[in-house]
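This report concerns only the one structure given below.
Rule-based calculations on the coordinates, nothing more; no lab input. Just so it is clear, the model here is predicted, and its values are computed rather than measured. Here the Cβ positions follow ideal geometry from the backbone for every residue, glycine too, while neighbour counts run over all protein chains shown.
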Amino acid sequence: MTQLSVHADPEAASRAAADLLAALIAEAQTARGVAHVALAGGNTPRRTYELLGPLLANAADIEWWFGDERCVPADDPDSNFRLITETLLRTPAIPADRVHRIRGELDPNDAADRYAAELRCTAPLDDNGVPRLDVAFLGLGEDGHTASLFPGDRALEICDRLAVPVVAAKPPPDRITLTLPVLQAARATVILATGAGKRDAVARVLAGPDPATPASLLDASSLTLILDQAAVPTS
């Protein structure tokens, strides 16, 4: 069952997300030596990343991945990698070779295939050969999308690839995303959603699996929704 963590405002929610991510990472390191963590893009998690770095007790033993990326160069303002560079990666103890960038400047199919191969070779695999992330930190769009899995997109039906290119319904349109099997296999999934604009999407996630709300297709038994008060459904 999905866990709810509700906080007074976006700052408090961001702090709660950073605290939970740090705890989950430490738990994975204790259990398996190295933590594999997928990161969200967009504006919402910026403050969480600023707070997370100093909380990492063993920053050298974390493999950082991305739930999705925009098909832009690494220094583009829309790049999720640039967001991480400006925030989390200011922590000097994080080795550069532990950060696995999706190469958004390449042909999208080539970039998706390269990323899938890197993930498969580096992360532990479950019994079905799917990489097992310790933590998937994701966002939630007002339309219910997560990573770059959008309502009605054929990518939602893909089960035989780890990463695929998509054309999003919002700019920038060309993106690369992890597929549902990878996100569903994560040991823990954390979604941070703030603001009244996310209220309806949160309600639809809590209502149960529905392809019209891609975030609702995540594994509810391992999902924590961290919200500010404005994002809490009214009924």
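Assorted remarks:
- Considering only 92, 74, 144, and ranking their Cα positions along the charge dipole of the chain that arises from unit charges at the beta-carbon of Lys, Arg, Asp and Glu, the one farthest toward the positive end is 92.
- Note on the chain: dipole from Cβ charges, positive end direction compared against 1, 155, 102; the farthest Cα belongs to 1.
- Residues of segment 112-130 with amide N under 20 Å of a point placed 7 Å along Cα→Cβ from residue 61: 122-125
- Simple rule: put +1 on each Lys or Arg Cβ and -1 on each Asp or Glu Cβ in the chain, find the dipole, and look at 125, 194, 43; the Cα lying farthest toward the positive end is 194.
- Here the chain is assigned +1 on the Cβ of each Lys and Arg and -1 on the Cβ of each Asp and Glu. Its dipole about the Cα centre then comes out at about 260 debye.
- Choice from 78, 127, 113 with maximal GNM fluctuation in the chain (Cα, 10 Å cutoff): 127
- Taking 91, 189, 146 in turn, the Gaussian network model of the chain (Cα-Cα springs below 10 Å) assigns the largest fluctuation to 91.
- Here the contact order of the chain, divided by its residue count and restricted to Cα pairs under 8 Å and six or more residues apart, works out to 25 percent.
- Mean residue ellipticity, 222 nm, helices only, the chain: the sum of -39500 (n - 2.57) across DSSP H runs of n ≥ 4, divided by residue count and rounded to 500, is -8500 deg cm²/dmol.
- Global geometry of segment 10-141, whether rounded, prolate or oblate, following the gyration tensor of its Cα atoms and the 1.5 cut on a/c: oblate
- Comparing mean-square fluctuations of 84, 158, 94 from a GNM of the chain with C-alpha springs under 10 Å, the top value falls on 158.
- Theoretical FRET efficiency, 1/(1+(r/R0)^6), r = Cβ-Cβ of residue 160 and residue 46, R0 22 Å, to 0.05: 0.05
- Spin-label zone in segment 133-176 - amide nitrogen under 17 Å from a point set 7 Å from the Cα of residue 230 along the C-beta vector: 140-143
- Computed Kirkwood radius, in angstrom, where 1/r is averaged over Cα pairs of segment 3-231: 17.3 Å
- Fraction of beta bridges assigned by DSSP in segment 3-231 that are antiparallel (%, nearest 5): 30 percent
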